[in-house]
Amino acid sequence: MAITIALAGNPNCGKTTLFNQLTGSNGYVGNWPGVTVEKLEAPWRKNKDVVITDLPGIYSLSPYSPEEVVSRDHLVKDRPSAVIDLVDVTNLERNLYLTTQVLECGLPTVVGLNMCDLLEKSGDQLDVDALSSELGCPVVKGSALRSQGLDQLMGTAESLATTGRTGRAPRVFSPRVEKAIQETADVLKPHLSAGQPERWFAIKAFEGDEKALDTLGLPAASLAAIGTIRAGVEAELDDDAESIITTERYDWIEGVMRRCVVKAPKALTTSE
Ligand code: GDP
Ligand code: K
Ligand code: MG
């Protein structure tokens, strides 16, 4: 059976450049069913049994744009064998917002740091091993444009796809919110089928994401139980669940940046 590897990432992180490098083609352009978002799919030129999909560029796995829905449906419903989450290393902090969500999908995932050719110029030092242990998945540096690190990236993705090895998605939220997510997961558990990622659905259900909840067809009592969990946290933190999740993601990423990036010393200025 063919191995399928999905390329996920923000717009302009270099996905299509990578896709073209890996497949040696401009890919097969079709449409995702029901939407006009382009679907690019082609075999890896070094192993034709591996099919690579270039997902639409997105900033989040929220349900608000066709691109987001296509990408999240591919990750959550189609379940590729592995994911390459491509990150523009020059915009690491912003790109990691999507990374936290991709990791929650519970698929074998490697983070590809792209545009590393530009990082070297800036003088900032990134601790890749530290980032890898924060994210709980392999992280590979490279440059799609300069064709650097691509064998290591694909080797890692292929081996993850073959073994099916998933990391443990990092616990990015505060203890209060993690507790609510766990309680939500406990409500959902009897209604999830094999392959439906528990943590992803629990977070979406906590946020009140109707599209995600609809796919589960939960009984009214379960929906009510989740509503109670959500309302409790919203009252305590005085914010709506979706904003709480967003804010806490950014807080966690800020900590990761502090722990993993050493900024180049700024030039001294004479002005006070
Ligand atoms: P996509 O929107 O994720 O598909 O991104 P594209 O593949 O279209 O790339 C966006 C821009 O980034 C293009 O101008 C690419 O040439 C450039 N780009 C892609 N990869 C790299 C890289 O590794 N280094 C540099 N410097 N530029 C890159
Ligand atoms: K583009
Ligand atoms: Mg593209």
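The values are calculated or read from the model by the stated rules, or taken from the named source; none is laboratory data. No experiment lies behind these values; they were computed from the predicted model shown. Glycine gets a Cβ as well: all are built from the backbone with ideal geometry, and neighbour counts include every protein chain shown. These area figures cover heavy atoms from the full protein model, side chains too; ligands, DNA and RNA do not enter into them. Shrake-Rupley method; radii C 1.70, N 1.55, O 1.52, S 1.80 Å.
Couple of notes before you dig in:
- Taking the range 70-85 as the range and being within 20 Å of Leu153 (Cα to Cα) and open to solvent by less than 10 Å² (accessible area, probe 1.4 Å) as the test, the residues that pass are Leu75, Pro80, Ala82, Val83, Ile84, Asp85.
- Cβ-Cβ distances below 7 Å connect the following pairs, each with a first residue in the range 1-26 that is under 20 Å from Ser62 (Cα atoms), a second residue that is assigned to a helix (DSSP H, G or I) and within 10 Å of ligand 3 (Cβ to nearest atom), and a separation of six or more residues or different chains: Leu7/Lys15; Leu7/Leu18; Leu7/Phe19; Gly9/Lys15.
- Tabulated pairs, the range 159-183, first closer than 15 Å to Asp251 by Cβ, second open to solvent by 40 Å² or more (accessible area, probe 1.4 Å) and not hydrophobic (A, V, I, L, M, F, W, C), C-beta under 6 angstrom, 6+ apart or interchain: Glu178/Arg171
- Unique match (being within 18 Å of Val102 (Cβ to Cβ), modelled with pLDDT of 95 or more and polar (S, T, N, Q)) among Thr184, Thr246, Thr228: Thr246
- With respect to (1) of a type in the set (Val, Ile, Thr); (2) open to solvent by 10 Å² or more (accessible area, probe 1.4 Å); (3) within 12 Å of the chain's Cα centre (by Cα), the lone exception for Val102 is condition (2).
- Test: residue in the range 182-192 that is over 22 Å from Gln21 (Cβ atoms), out of contact with any Gly (no Cβ under 6 Å at 6 or more places or on another chain) and either assigned to a loop (DSSP other than H, G, I, E, B) or basic (Lys, Arg) (or both): yes
- You will find that of Trp200, Trp252, the residue that is open to solvent by 30 Å² or more (accessible area, probe 1.4 Å) and either farther than 19 Å from Gly106 by Cβ or in a helix (DSSP H, G or I) (or both) is Trp252 and no other.
- Picking from residues in the range 45-60 that are within 14 Å of ligand 3 (Cβ to nearest atom) and of a type in the set (A, V, I, L, M), the one that is farthest from the chain's Cα centre (by Cα) is Ile52.
- Inter-residue pairs, beta-carbon under 6 Å, first of a type in the set (S, T, N, Q) and in the range 137-154, second in a loop (DSSP other than H, G, I, E, B), 6+ apart: Gln148/Gly142
- When restricted to residues that are surrounded by fewer than 18 Cβ atoms within 10 Å (Cβ to Cβ) and either within 16 Å of ligand 3 (Cβ to nearest atom) or under 18 Å from Glu234 (Cα atoms) (or both), the range 143-182 contains 7.
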